[in-house]
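Data first, discussion second: the structure below is written as structure tokens.
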Amino acid sequence: MKTTTIFSLLIIFCLKIQAQTVIEGSVLDAQGKFGDAIVTVTAKGTSIVLAFAETDTKGDYRLEVNSQSDSLTITAAGMSIGQQVKVVANRSQRLNFRVKEKVLQLKEVKVHAKKIRQNGDTLNYSVGAYQQQDDRTIGDVLKRMPGIEVSDNGCIKFNGKSISKFYVEDMDLLQGRYGLATGNINAKDVGLVQVLENHQPVKALQGRTPTDDVAINLKLRNAAKGTVAVNTMLGGGGQQSGGWGFGMRSLSDGQNPIGRNPLWTAEVVGMYFAKRRQNITLYKGNNIGDDVSQELTSHYSGINAVELVAFAPLGVVTPSGSGLPQKRTFDNQSHIVSMNHLEKIGKQSELTLNMSYLHASIRQEGVSEADRFYSSNQRLLSSESLIFVTHMNNLSTNLRYNRNGENGFIANVLKLDGEWNNDNVQSQLTSDLTGVAPINYGDNRVYQYFHRPSLTVSNTMNLIQNYGKRTLDLHFSVGYAQRPNTLMVGVDSLLPQTSVHYNQELKSRNIAGDFHTNFTFHLGLFSIDYGVFANANLHGIKTDLSGFTNLMANGTQNHTSQSVLNDLWYNTYELSLNQQYKFEQAGCVSPLPAL
Amino acid sequence: MRSIIIFFICFSFTLHAQEKQGRVMRPNSRGLGKCSVIGQAPIKVIYALNAKDISDEHTYLDSQVLLIGKGLSKLYSRFLELNDSLHDDFIKRNPNATSIPRIMFSGGRNNQYWSEYQFTDIYSTNNTYTCYAKMPWAMERYNAFYTESMYQQHWTLSDEQLSILGYDCQKATCHWRGRTFEAWFTSKIPTRLGPWIFGGLPGLILKLYDKEHLYTWEAVEIKSGNFPIIKSEYKGFIKDTREHIYKLQVAANRDHLKTAGARDYQTGQLKSKPHPYEPLEKE
């Protein structure tokens, strides 16, 4: 009883809730003879065929359609009867067509797909025409397009000129880090690559100032718009890690195998491109020597931020390079997470957020040995072996608001970059005279530890306003950078107790501000520019060094640490007024000698 | 809302199905022979088969013509038609020639080789296709014609639209003879025909391909006018079944020498040179 109730309930639920509409009838000509016709049903307003039927030998047809709309468009068409359309209510009925002999008129068409179309200053490259079988990402196809070169570090040039903007569907999501797009967007999702020559991204300046900048815009295929695409890649493997021992010295303790096992590489990339929103979020990680941060190289900056340099001339001694490709010598464990989001607010405003975080630890080992003939029966053997491990944690965030209107442009970029990095080097330095009278000149273990965090914050604002034929340009940028670094070097000598420990503290700061405003007005073909420029640059440096031992006059050593302190600020201020006169005609700009 | 995420793993080495055409030698040109006009067609459609660049016909595997008449249609290879007419013209101009070039017109990119999709002429009338299959070199003794019923595919209409040659096309999919096919048809041309022996949709099929993109037909030209439908003599063609011809064609593509019965003239052994091949119809 229970099973039958459940069964019958299931059947009821399985029944189609939508009612099916049955339309039948005949397609006959004026004499009542049947016409060879195809009858199709489309929902009113669309041209998508929902159902179709062919007339039989008597001219009768029967259509079954499931549709929610309240009216349907029924079309009877045939080669010799042309096309007849009737709009009916969506309910089962009988519908007859009376058709006349009519020759079907077709428009003659021929395929013309030109590979490159030129449209004013825009060149359109059809991706399908250049794509080959093993091309996976759009970056692979860009390399084949004539005029476009993609260099090893991801920089794109058109006819030798680096591009100044990279758009996807007319929006700049990546703000200069277009490696993330060329390396991850699938080639099959892109329909056209447009090269925009003489590109001026600021609408308020279009037609006023000549420019020879080049930009690239990717136009996606309809299927790729408005959908979330996720690409995943997983790879694994193993490598033969040999024993490590070099000459007469073995590094650190015993035999350490070089390289890690197992090897892995993983990538997850999520992309979303819609009319008012774009997003690329990815994670990449590997320990096979690939440089994950390469795609994050910024090839152009959206705005001229003030230059911030926190002066910190410290560093550790690292093993020297081998000359082999980095991929073969990088012993790393790297992860990178990047999130880029663009939101279109209103008709002309955009809000862009780019965030990326890199976490990597890289290990390097190096040994150098020198074996010299000292005399006929003596040799001087010196060796230096270093193990270098660096830990990197880099965070980079960029928040940009801009409003690109016909008469006014405003952009504000807030940048925040943080680094928490440290380097760690352990080394062994030995020097021996071998042979008849052996002397040990030193057997030292040296430790270097460099803690080097840094922080940079800046905010830049740019405002361009047109007043009729005159233009006002306002630029204000302010920023702060700091580097509180610590370098510790310790030397443990294996000879009777001589160990020293040095500590260098350094705190470097840079506060900078930039302000300039320009007012341009045009008199015929001349443009006259007046401007005010102000800049303030403050550098602060504070250092503290400890650990040196002093050799006293009487031969004893004074171990009291003497510190060397620095605490100074170096500030520059600048204010200037300038004027410029230019003669501009299409293709010819000559600035007159300005005062 | 966007919690539906489509997950797919793409390997760095792409397992991309290559179009696997056999390396089968062409038969010698025979010319059109005696022809007769069997009808008139108001519509002529030209399809490109496996084009690498749709605007350059040298990259097509074949350029095929579909003549649509009232109750009658013909599908044939344009490259072969040009080759055959040059052949006949050569004979007319050189009646005393003792030999003829084997191939007069080299069209398309695989022009040294034979393909059953190029070398089969298909006539349709009365809900039946009559296919005249020309067999490759050293297999001309198997030249035959066979019949197939029309509208074998059962299509499922989909919402997607695409613009081909200025016509708005709608997508339909079907599973037929072991493969899944996608077709884009336009109801503005009310005929139920398409390339090869595909049809049954409420409009002309302008683009058709299998899911793995091994075979792609795309319309490149549509003309209206008054085109004569010509049927040649097909001298020596015997009546055969589709199954037998299909088996021969697939075997020839997989190993032409063995199927043709080629023997090594020194040892008398049957020669064999296998080649990977993916047929359009799996059964």
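The values are calculated or read from the model by the stated rules, or taken from the named source; none is laboratory data. Note that the coordinates shown come from a computational prediction; the quantities given were computed from them, not determined experimentally. Cβ atoms come from the backbone with ideal geometry, glycine included; neighbour counts cover every protein chain shown. Quick note on the areas: whole protein, heavy atoms, side chains included, nothing else; ligands and nucleic acids left out. Shrake-Rupley method; radii C 1.70, N 1.55, O 1.52, S 1.80 Å.
Some notes on this structure:
- Here the dipole of the range A:346-585 is about 640 debye; that uses its Cα centre as origin and unit charges on the Cβ of Lys and Arg (positive) and Asp and Glu (negative).
- Against chain B, whose longest principal axis comes from its Cα atoms, helix B:242-254 is set at around 80 degrees.
- Along the axis of the charge dipole computed for chain A (Cβ charges of +1 for Lys and Arg, -1 for Asp and Glu, origin at the Cα centre), the listed residues A:Asn398, A:Asn503, A:Asn377 are led at the positive end by A:Asn398.
- Shielding by other protein chains, B:157-169, mean Cβ within 10 Å: 3
- Relative contact order of chain B, pairs being alpha-carbon contacts under 8 Å that are 6 or more residues apart, as %: 23 percent
- Straight-line cross-link reach from A:Lys44 at under 23 Å between alpha-carbon atoms covers these lysines, not counting any fewer than eight positions away in the same chain: A:Lys16, A:Lys86, B:Lys171, B:Lys188.
- Per-selection Rg to Rh, the protein assembly as shown - Cα, Kirkwood hydrodynamic radius: 1.10
- Simple Cβ-charge dipole of chain A, Lys/Arg +1 and Asp/Glu -1, about Cα centre, in debye nearest 20: 2520 debye
- Sparse packing (at most 15 other Cβ atoms within 10 Å of the Cβ) combined with a DSSP loop state is found for the following trypsin sites (Lys or Arg not before Pro) in the range B:91-162: B:Arg102.
- Pair B:Thr156, A:Val500: separation of 7 Å Cα→Cβ label points (nm): 8.1 nm
- Folded to 0 to 90 degrees: helix B:78-93 orientation relative to chain B principal axis, Cα: 20 degrees
- Accessible area (Å², per residue) of the range A:20-99, counting only protein heavy atoms and a probe of 1.4 Å: 48 Å²
- Counting only alpha carbon atoms, the long axis of helix A:2-14 and the longest principal axis of chain A meet at about 80°.
- Accessible surface ranking that places the most exposed of B:His87, A:His451, A:His341 first, with a 1.4 angstrom probe: A:His451, A:His341, B:His87
- Value of relative contact order over the range A:20-99, rounded to a whole percent, pairs C-alpha under 8 Å and six or more apart: 41 percent
- With a cut-off of 19 Å on the backbone N, the residues of the range A:87-105 near the modelled label site 7 Å out from A:Ser69 along Cα-Cβ are A:87-93, A:95.
- Rounded Å value of the spacing that divides the Cα centres of the range A:177-242 and the range A:359-437: 32 Å
- Phi angles of the range B:119-129 translate, via the Karplus equation with coefficients 6.51, -1.76, 1.60 and θ = phi - 60°, into HN-Hα couplings of 9, 10, 9, 10, 10, 10, 7, 6, 6, 9, 9 Hz per residue; Gly and Pro are given as x.
- Of B:Ile164, B:Ile91, B:Ile205, the one that fluctuates the most in a GNM where chain B has Cα springs shorter than 10 Å: B:Ile91
- Rounded to the nearest 0.05, the FRET efficiency derived from the C-beta distance between A:Leu314 and A:Thr46 at R0 = 51 Å is 0.15.
- Nearest-10 value in Å² for the accessible area of A:His391, using the 1.4 Å probe: 80 Å²
- Modelled label positions at A:Trp264 and B:Val37, each set 7 Å beyond Cα in the direction of Cβ, lie 7.5 nm from each other.
- Shape class for chain B, computed from the alpha carbon gyration tensor (a ≥ b ≥ c): oblate, with a/c not under 1.5 and a/b at or below b/c.
- Over chain B: helical MRE at 222 nm, DSSP H runs n ≥ 4 each giving -39500 (n - 2.57), nearest 500: -3500 deg cm²/dmol
- Extension gain, A:Arg372 to A:Lys86: 0.36 nm times the residue separation minus the Cα-Cα distance gives 92.8 nm.
- For the peptide A:41-54, the mean number of other protein chain Cβ atoms found within 10 angstrom of a residue's Cβ is 4.
- Cβ-Cβ FRET estimate between A:Tyr573 and A:Lys344, R0 fixed at 35 Å, reported to 0.05: 0.30
- Average beta carbon contacts from partner chains per residue of A:102-108, 10 Å cutoff: 5
- Annotation for A:Lys542 and B:Asn126: the two label points, set 7 Å from Cα along the Cα-Cβ direction, are 10.3 nm apart.
- Mean Cβ count within 10 Å, highest first, over the residues of peptides B:40-51, A:228-239, B:253-264: B:40-51, B:253-264, A:228-239
- Out-of-range pairs (alpha-carbon distance over 27 Å; input A:Lys107/B:Lys74; A:Lys161/A:Lys582; A:Lys284/A:Lys415; A:Lys102/B:Lys239; A:Lys110/A:Lys347): A:Lys102/B:Lys239; A:Lys110/A:Lys347
- The sum of -39500 (n - 2.57) across all DSSP H runs of n ≥ 4, divided by the residue count of chain A, sets its helix-only mean residue ellipticity at 222 nm to -1000 deg cm²/dmol.
- Near-label residues of the range A:307-326 by backbone N, under 12 Å of a point 7 Å along Cα→Cβ of A:Gln239: A:325-326
- Aspartates and glutamates whose Cα lies under 17 Å from that of B:Lys70, excluding same-chain neighbours fewer than 8 positions away: A:Asp29, A:Asp36, A:Glu54, A:Asp56, A:Glu101
- Share of carbon and sulfur in the accessible heavy-atom surface of the range A:20-99 [1.4 Å probe, %]: 46 percent
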